[in-house]
1. Kindly put TYR326, TYR186, TYR33 in sequence by how many other C-beta atoms sit within 10 Å of each C-beta, fewest to most.
2. Beyond 21 Å, what percent of the Cα pairs of region 295-374 remain?
3. Is the chain best put as rounded, prolate or oblate by its Cα gyration tensor, with a ≥ b ≥ c the root eigenvalues, rounded for a/c under 1.5, and otherwise prolate when a/b is larger than b/c, oblate when not?
4. For ALA11 and GLU387 in the same chain, what is the full-extension length gain: residue separation times 0.36 nm, less their Cα-Cα distance, in nm?
5. Which lysines have a Cα lying under 28 Å from the Cα of LYS261, excluding residues fewer than 8 positions away in the same chain?
6. Counting other beta carbons within 10 Å of each Cβ, put SER333, SER366, SER139, SER260 in order, fewest first.
7. Name the aspartates and glutamates eligible as straight-distance cross-link partners of LYS175: C-alpha to C-alpha under 15 Å, and not fewer than 8 places from it in the same chain.
8. Please compute, over every Cα-Cα pair in region 370-412, the percentage with a separation greater than 12 angstrom.
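Derivation of every value follows stated rules applied to the coordinates shown; laboratory data play no part. Bear in mind the structure is a predicted one, so any value in this text is a computation, not a measurement. Cβ atoms come from the backbone with ideal geometry, glycine included; neighbour counts cover every protein chain shown.
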Amino acid sequence: MTGYADTRRVADLIEDLDQFTATPENGTTRLTYSAEYAAARDFIITHMLRAGLEVRQDAIGNIFGRLAGSNPDLAPVLVGSHLDSVPNGGRFDGPAGIIAGLETAYLFRDLRLTPERGLEVVAMIEEEGARFGGGLLGSRMLTGRVAPADLVELTDDHGVSMADAMEGYGLDPQKAVQAVLAPNAYHSFLELHIEQGPVLEDACQDVAIVDRIVGIAQLKVTIWGRAGHAGTTPMHARRDALTGAVAILSQLSGLPVQTSKEAVLTVGKLEVLPGGANVIPDLVNFTVDLRAPLAKDIDWMISCVRDIVGSACTGGLTGDVEEMLYAKPTMLSPDLHRCLTTNARALGLKYRTMVSGAGHDAMIISAVMPTGLIFVPSRDGISHAPEEWTDYAQLARGIDVIFTTIRDMTGA
Ligand code: HGY
Ligand code: MN
Ligand code: MN
C-alpha cells in the first residue's frame, strides 16, 4: 500500500535542515546554542508555522509547535526529538524524529484532520551532550532533573558555562526552571529515531518498536600530576598525569567483558594538558561512557572505574571521577508499544520489537508520561558519522507509523 508521508517533502526537510552545520565539509556539527543551532531552530520554526502550528520557545531553548485539539481539556500528544548533534555526525540523528513530527503536522493540515486531543512537535536541546557533557540535558531539564546551579557548573571545551551560553543565545538562565513540564502537561510522548545499528537492515525489516532502553552512565575522569621539563626531569622524579591515565585506560578496556555480554564501554574524549610536546602533562581528563541492560552492571562498572582510578593515583598523582549522567535502564509504555505495533502491521510493514543500545530523550521523558519509540533502518548500521544514512522511503514508512498512531491517539 502507498503510505501517507510525502517522501519528497521529508527528504527536502532533512537535506535543508542539514545545511546548518559548523562542518559542511565533514558531516553535521550543530552544538546547542551555536550560530548553526540558532539557524536550524529558525528553520524548524518556519516549518512549524507553515504546517499550521502555534510556536513557542521554552526557557532553555526547546521549541514546541502546537496544533490545538477541539477538546481543550485533553492533554496533547508530544512528538519529536533533539536538534543538536555530535561532532561530525550525521543528518538523521535527531532531525529524523523532529521531522516525523513536522510531517505529521503537515499531514494533519493536508488531510484537514481536526484532532480532539491536541498534538505538539518538539525540537530539544543538548541530547548528545557534545557541548556541555553528560547528555539528555534538554529532556532532563524538562523533567526537572537538573538543578539551576548546574548551569553554571556545566561548561563547554572553551570554558563557557551553559548559563553564559544561554545568555548569548537570548535566554535568561535564572528562568531555566520555568522549562520544567507541569504534571500531566502531555498525554504521551512519541519519538522516531534512526536505529544507529545493523539489525533492521540485516533482517530486511522496516521498523523496530522499542520496548526498553539500556542504562547509561557517563563519567569524567580527571588525573592531576605536576608539569615539568621533558628533558631535565629524571623519570623517577616525574608526576606524569598521562602515565597515570594510560595505566587506567589499559584496565578499562577489559571491564565490559568482565561485566556482561551486552555491557559496553567507550572512551570518546581525552584531553592532555598543557599540551606541549616537551612538557610533562600535569592534567589529563577523559570521558567514560558505560552502558548495560541491568542497573546493577552499570553500578558495578562505575565502582570498578573508581577503584582503578584510585589505585592508579600514586606517586603524587591525584584523581577524580565525576558522574556526568546516570540514566537507568528504562521500560517504555506497553500500551504505546501495542498501538505502534498495531499500526505498523496495519500499514503492511515488517517490524520487530527491539531493545535500544543508544540513549534517547524518550528514556528521560518516560519518567513523566507514557512514552513510545520506534526505529527506522540505518545503512550499514552506521551513525555518529557523516556516512549515517536512511533511505527516505524507509524514513517515510516510519513516519507513517507515527502519523497513524497520533491520528488514533488524538481522535482525529
Ligand atoms: O549516546 C547516545 O546513545 C545518543 O546518541 N545520545
Ligand atoms: Mn539521537
Ligand atoms: Mn546520537
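1. On the way: TYR326 17, TYR186 22, TYR33 25.
Arranged by neighbour count, lowest to highest, TYR326, TYR186, TYR33 become TYR326, TYR186, TYR33.
2. Roughly 51 percent, once rounded to a whole number.
3. Prolate shape, in that a/c is at least 1.5 and a/b is the bigger ratio.
4. Net length gain for the segment: 133.7 nm.
5. Cross-link targets: LYS220, LYS269, LYS296, LYS328, LYS350.
6. With the fewest neighbours first, SER333, SER366, SER139, SER260 line up as SER260, SER333, SER366, SER139.
7. Excluding near neighbours in sequence, the set is ASP58, ASP150, ASP164, GLU167.
8. Tail fraction, whole percent: 66.
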